[in-house]
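The values are calculated or read from the model by the stated rules, or taken from the named source; none is laboratory data. It should be emphasised that the depicted structure is a prediction, and the values quoted were computed from it without experimental measurement. No Cβ is skipped: glycine too gets one built from the backbone with ideal geometry, and neighbour counts run over all protein chains shown. Side chains are part of the model used for accessible areas, which takes the heavy atoms of the whole protein and leaves out ligands, DNA and RNA. Shrake-Rupley method; radii C 1.70, N 1.55, O 1.52, S 1.80 Å.
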Amino acid sequence: MKHCRIIGWGTHLPEDTVTFGSGARTVTRHRIADDVSQLDMLASAAERALAHAGVAADDVDLVLAACAAGIQPIPCTAALVMERVAPGARAAAFDVNSTCTSFITALDIASRYLDDGTYERVLVVSGDVGSRFLDPAQRESHELFSDAAAAVVLTRGDGEQGVLASLQQTWPKHAHDTELRGGLSLHPAQAYADGDPADYRFDMHGRRALMGMLTVLPSFFDRFFTTSGIRRDDVDLVVPHQASGALGIAMKRVGFTPDRYVDAVAEYGNMVSSSVPYTLARCLDDGRLGPGDTVLLCGTAAGLTANALALRL
């Protein structure tokens, strides 16, 4: 076990919404306002998490930004969040990116630092503005994503609190099923005028991504439970990445019935990196999760990457 505990959390959900469909098939998605930035969202969630934890911002000694797409290439998003939220802290700051499962990866990293005594208080912040990268011509993805941010404050746990087990794996043959190609060295910003605008928008081959996910997940989860010694019945609640309307199919494939996991895809859609922490925060707020519970944070991400982490609260 990697001893750590969540002592505070906060979220930011844009007020502006758009609706798609009609009647019983209507879905609402949240969109950041034109005069609000990704950094504004991340800072808002971070400040709420710090206030909830009762921790002064300058007492944080590590800031991890776990986003799929950052604010700018250089410096790291964590440094920009730190500049806004904790400018006086004597802290390290760096980014963690496993796209949609970035929060799970960051939590795993934070737990190791906390358990070995390197850091005492860690701020993890996740959030994306997927709406600014979407291609309206790709209806499936255009109607799936919501903008949001979430953050947690972690400290060293005692007793039985902490990360019980974690596992992450990537299958690179699916690397191009979901991607955003432009903006860095492959298609730099200065090439935009003469390049293909599609390279600067999110590109998803929905069916191919879905079939890849459904193919790899059963054996991945079997390995997670076998190597960790954790049984499915030991998990009080599964908080999965809200990837798509196929969430129920994926959960059934890995052995969980609908009463065992959270499905908020219809309500919020895919919140990219903030999907898992936002859903976790909701469960902590409404009492669906509490001290002593074991929660399984899991999901798939571009790469194709699968991620699972069992946390005892």
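Taking region 131-160 as the search range and keeping residues that are at pLDDT below 95 and within 30 Å of residue 116 (Cβ to Cβ), which one is least open to solvent (accessible area, probe 1.4 Å)?
157
Does at least one position in region 169-189 carry a residue that is open to solvent by less than 40 Å² (accessible area, probe 1.4 Å), in contact (Cβ under 8 Å) with a residue 12 or more places away in the chain, of a type in the set (A, V, I, L, M) and not in a loop (DSSP other than H, G, I, E, B)?
So far as region 169-189 goes, no, none of its residues is open to solvent by less than 40 Å² (accessible area, probe 1.4 Å), in contact (Cβ under 8 Å) with a residue 12 or more places away in the chain, of a type in the set (A, V, I, L, M) and not in a loop (DSSP other than H, G, I, E, B).
Regarding residue 195, is this residue in a loop (DSSP other than H, G, I, E, B), free of Cβ contacts under 8 Å to residues at least 40 places away in the same chain and either crowded, with 16+ Cβ neighbours inside 10 Å or not hydrophobic (A, V, I, L, M, F, W, C) (or both)?
When the stated conditions are applied, residue 195 passes them.
Which members of region 229-277 meet the condition of being farther than 13 Å from residue 298 by Cβ, open to solvent by less than 50 Å² (accessible area, probe 1.4 Å), out of contact with any Phe, Trp or Tyr (no Cβ under 8 Å at 6 or more places or on another chain) and in a helix (DSSP H, G or I)?
Selection gives 248, 265.
So how many residues does region 47-85 have that are touching a residue at least 12 places away in the same chain (Cβ under 8 Å), more than 19 Å from the chain's Cα centre (by Cα) and open to solvent by 50 Å² or more (accessible area, probe 1.4 Å)?
So the answer is 7.
Any idea which of (1) open to solvent by less than 20 Å² (accessible area, probe 1.4 Å); (2) under 15 Å from the mean Cα position of the chain (by Cα) is the one residue 289 doesn't satisfy?
Among (1) open to solvent by less than 20 Å² (accessible area, probe 1.4 Å); (2) under 15 Å from the mean Cα position of the chain (by Cα), residue 289 violates only (2).
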